[in-house]
1. Does any residue of the stretch 79-87 turn out to be β-branched (Val, Ile, Thr) and at pLDDT below 95?
2. Counting only residues that are touching a strand residue (DSSP E or B) at 6+ places or on another chain (Cβ under 8 Å) and not aliphatic (A, V, I, L, M), how many does the stretch 66-87 have?
3. Within the stretch 2-32, work out how many residues are part of a helix (DSSP H, G or I), under 14 Å from residue 74 (Cβ atoms) and of a type outside the set (Lys, Arg).
4. Residue 64 is checked against (1) part of a strand (DSSP E or B); (2) of a type in the set (Val, Ile, Thr); (3) crowded, with 18+ Cβ neighbours inside 10 Å and fails just one. What number does that condition carry?
5. Can you go through 8, 31, 76, 37 and tell me which one is of a type in the set (A, V, I, L, M, F, W, C), at negative phi, touching a Ser or Thr at 6+ places or on another chain (Cβ under 9 Å) and buried (at least 16 other Cβ atoms within 10 Å of the Cβ)?
Amino acid sequence: MKKYFVRLSNKQKSLMTKELMRLHALYLRELKDREVLPFCGPCKDDTAIMIIDAPSYELAKQYVEDDPFSKVNYYLTRDIIEMEEATIENEFLMKDVFKSLPE
(Lines give C-alpha, C1' and ligand atoms only; values in the text may rest on other atoms or scores of the structure.)
Protein backbone atom coordinates (compact mmCIF):
# COMPACT_ATOMS: atom_id res chain seq x y z
CA MET A 1 0.00 0.00 0.00
CA LYS A 2 1.31 3.44 -0.89
CA LYS A 3 1.13 6.47 1.41
CA TYR A 4 0.10 9.94 0.36
CA PHE A 5 0.67 13.19 2.22
CA VAL A 6 -2.19 15.63 1.64
CA ARG A 7 -1.81 19.31 2.49
CA LEU A 8 -5.00 21.35 2.46
CA SER A 9 -4.68 25.13 2.30
CA ASN A 10 -6.46 28.35 1.29
CA LYS A 11 -9.31 27.79 3.73
CA GLN A 12 -12.61 29.49 2.92
CA LYS A 13 -13.88 30.05 6.48
CA SER A 14 -17.14 31.62 5.33
CA LEU A 15 -18.23 28.21 3.98
CA MET A 16 -18.11 26.47 7.37
CA THR A 17 -21.41 25.31 8.83
CA LYS A 18 -22.32 22.85 11.57
CA GLU A 19 -23.74 20.51 8.94
CA LEU A 20 -20.58 20.65 6.82
CA MET A 21 -18.44 19.87 9.87
CA ARG A 22 -20.73 16.98 10.83
CA LEU A 23 -20.55 15.50 7.31
CA HIS A 24 -16.76 15.95 7.21
CA ALA A 25 -16.34 14.17 10.57
CA LEU A 26 -18.57 11.30 9.40
CA TYR A 27 -16.49 10.96 6.26
CA LEU A 28 -13.23 10.91 8.23
CA ARG A 29 -14.67 8.23 10.52
CA GLU A 30 -15.57 6.16 7.46
CA LEU A 31 -12.00 6.44 6.12
CA LYS A 32 -10.60 5.56 9.57
CA ASP A 33 -12.89 2.52 9.80
CA ARG A 34 -11.67 1.38 6.36
CA GLU A 35 -8.04 1.90 7.51
CA VAL A 36 -7.44 4.42 4.73
CA LEU A 37 -6.70 7.39 7.02
CA PRO A 38 -4.04 6.71 9.66
CA PHE A 39 -3.61 10.41 10.49
CA CYS A 40 -5.31 13.74 9.91
CA GLY A 41 -5.65 17.08 11.61
CA PRO A 42 -5.55 20.85 11.44
CA CYS A 43 -2.29 22.81 11.61
CA LYS A 44 -1.62 26.01 13.51
CA ASP A 45 -1.20 27.92 10.23
CA ASP A 46 -4.85 27.38 9.15
CA THR A 47 -3.96 24.46 6.88
CA ALA A 48 -4.65 20.79 7.48
CA ILE A 49 -2.96 17.52 6.63
CA MET A 50 -4.06 13.98 5.94
CA ILE A 51 -2.05 10.81 5.48
CA ILE A 52 -3.89 8.45 3.14
CA ASP A 53 -3.13 4.79 2.47
CA ALA A 54 -4.13 3.86 -1.09
CA PRO A 55 -2.84 1.62 -3.89
CA SER A 56 -2.71 4.51 -6.39
CA TYR A 57 -2.55 8.28 -6.68
CA GLU A 58 -5.92 8.25 -8.45
CA LEU A 59 -7.64 6.53 -5.54
CA ALA A 60 -5.94 8.79 -2.99
CA LYS A 61 -7.17 11.79 -4.98
CA GLN A 62 -10.68 10.33 -5.08
CA TYR A 63 -10.66 9.95 -1.28
CA VAL A 64 -9.68 13.62 -0.96
CA GLU A 65 -12.24 14.83 -3.50
CA ASP A 66 -15.05 12.80 -1.89
CA ASP A 67 -14.58 14.67 1.40
CA PRO A 68 -17.48 17.08 1.99
CA PHE A 69 -14.89 19.85 2.53
CA SER A 70 -13.61 19.28 -1.01
CA LYS A 71 -17.08 19.18 -2.51
CA VAL A 72 -17.69 22.79 -1.39
CA ASN A 73 -14.07 23.94 -1.91
CA TYR A 74 -13.56 24.67 1.78
CA TYR A 75 -9.83 24.26 1.09
CA LEU A 76 -9.11 25.65 -2.35
CA THR A 77 -5.69 24.00 -2.56
CA ARG A 78 -5.37 20.25 -2.11
CA ASP A 79 -1.82 19.03 -2.70
CA ILE A 80 -1.33 15.25 -2.78
CA ILE A 81 2.21 13.86 -2.67
CA GLU A 82 3.24 10.21 -2.65
CA MET A 83 5.70 9.50 0.12
CA GLU A 84 7.88 6.68 1.36
CA GLU A 85 7.53 5.81 5.00
CA ALA A 86 10.88 5.44 6.76
CA THR A 87 10.61 2.74 9.41
CA ILE A 88 12.80 0.61 11.62
CA GLU A 89 11.95 -2.34 9.36
CA ASN A 90 13.32 -0.61 6.24
CA GLU A 91 16.22 0.91 8.20
CA PHE A 92 14.85 4.40 7.64
CA LEU A 93 15.58 4.00 3.90
CA MET A 94 19.33 4.19 4.49
CA LYS A 95 20.06 1.51 1.88
CA ASP A 96 18.40 3.65 -0.80
CA VAL A 97 20.51 6.65 0.21
CA PHE A 98 23.72 4.63 0.34
CA LYS A 99 23.08 3.25 -3.18
CA SER A 100 23.10 6.77 -4.57
CA LEU A 101 26.38 7.78 -2.89
CA PRO A 102 29.84 7.19 -4.37
CA GLU A 103 32.01 4.57 -2.68
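The values are calculated or read from the model by the stated rules, or taken from the named source; none is laboratory data. Please read all numbers here as calculations on a predicted model, not as lab measurements. Because the Cβ atoms are built from the backbone with ideal geometry, glycine has one as well, and the counts that use them run over all protein chains shown.
1. At the first step, the residues of the stretch 79-87 found to be β-branched (Val, Ile, Thr) are 80-81, 87.
In the following step, the residues that additionally are at pLDDT below 95 were identified as 87.
Scanning the stretch 79-87 turns up at least one residue that is β-branched (Val, Ile, Thr) and at pLDDT below 95.
2. Residues of the stretch 66-87 touching a strand residue (DSSP E or B) at 6+ places or on another chain (Cβ under 8 Å): 69-70, 74-85.
Filter again for not aliphatic (A, V, I, L, M), leaving 69-70, 74-75, 77-79, 82, 84-85.
Matching residues across the stretch 66-87 total 10.
3. Applying the first criterion (part of a helix (DSSP H, G or I)) to the stretch 2-32 yields 13-15, 18-32.
With under 14 Å from residue 74 (Cβ atoms) added as a condition, the list becomes 13-15, 18-25, 27-28.
Remaining after also requiring of a type outside the set (Lys, Arg): 14-15, 19-21, 23-25, 27-28.
Summing the residues that are part of a helix (DSSP H, G or I), under 14 Å from residue 74 (Cβ atoms) and of a type outside the set (Lys, Arg) in the stretch 2-32 gives 10.
4. Failing condition for residue 64: (1).
5. Values: 31 fails: touching a Ser or Thr at 6+ places or on another chain (Cβ under 9 Å); 76 fails: buried (at least 16 other Cβ atoms within 10 Å of the Cβ); 37 fails: touching a Ser or Thr at 6+ places or on another chain (Cβ under 9 Å).
So the residue among 8, 31, 76, 37 that is of a type in the set (A, V, I, L, M, F, W, C), at negative phi, touching a Ser or Thr at 6+ places or on another chain (Cβ under 9 Å) and buried (at least 16 other Cβ atoms within 10 Å of the Cβ) is 8.
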